[in-house]
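For reference, the structure discussed in these notes is given below.
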Amino acid sequence: MLIAVILVLSTTGAWLLYSTAHTIKELDRNYQLTEKGMSKAQVEGLMGQNGKWLIPDQDPLGFWDEVRMLDSERAQIHSSVSYTVDAFFLQITFEFSFSEDGKLIGRHTYD
């Protein structure tokens, strides 16, 4: 009985590791396919419909990959969507920022 429990737990753990790694890899691949100027619908088409939409605060963080946006560019951020994957002890977030006309102007990953 103990061996059966250990096998079930190890199999479940292995599946969770694979599933999480697969999800992160897929989101990262799709993140790399996004380009400035894409519409919200195009980004959602790549990343999925399960993102969390945010209205940025007074001073939104604005990045394109690892490069911080200029203040004038950050002022154009109207909304953002993030996709977060729980990877056991940390979260990996893919975030996209859009202008008022719904065009992609920023993207960044956080872990």
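The values are calculated or read from the model by the stated rules, or taken from the named source; none is laboratory data. Since this is a predicted model, take the numbers as computed values, not measurements. Don't worry about glycine lacking a Cβ; one is built from the backbone with ideal geometry, like all the others, and counts go over all protein chains shown.
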> Among the residues of segment 51-109, which ones are part of a strand (DSSP E or B), among the polar types (S, T, N, Q) and surrounded by fewer than 19 Cβ atoms within 10 Å (Cβ to Cβ)?
Replying inline: Ser79, Ser82, Thr84, Gln91, Thr93, Thr109
>> I need the full set of residues from segment 55-104 which are within 18 Å of Asn30 (Cβ to Cβ) and aliphatic (A, V, I, L, M), in order please.
In response: Val81, Val85, Ala87, Ile92, Leu104
>> Considering only residues that are touching a residue at least 40 places away in the same chain (Cβ under 8 Å) and out of contact with any Leu (no Cβ under 6 Å at 6 or more places or on another chain), which ones fall in segment 84-95?
In response: Val85, Asp86, Ala87, Phe88, Ile92
>> Give all pairs with beta carbons closer than 7 Å in which a residue from segment 29-54 that is on the phi > 0 side of the Ramachandran plot and touching a residue at least 40 places away in the same chain (Cβ under 8 Å) meets a residue that is surrounded by 13 or more Cβ atoms within 10 Å (Cβ to Cβ) and among the charged types (D, E, K, R); count only pairs at least 6 apart in sequence or on separate chains.
In response: Gly37/Lys103
> Looking only at residues in segment 1-33 that are under 30 Å from Asp101 (Cβ atoms) and within 12 Å of the chain's Cα centre (by Cα), which one is modelled with the lowest pLDDT?
Replying inline: Leu27
> Within segment 23-38, which residues are surrounded by fewer than 14 Cβ atoms within 10 Å (Cβ to Cβ) and in contact with a helix residue (DSSP H, G or I) (Cβ under 6 Å, 6 or more places away or on another chain)?
Replying inline: Leu33
> If you scan segment 51-83, which residues turn out to be polar (S, T, N, Q) and modelled with pLDDT under 90?
Replying inline: Gln58
> Does segment 34-50 hold any residues that are part of a loop (DSSP other than H, G, I, E, B) and either at pLDDT below 95 or among the small types (Gly, Ala, Ser) (or both), and which are they?
Replying inline: Gly37, Gly48, Gln49, Asn50
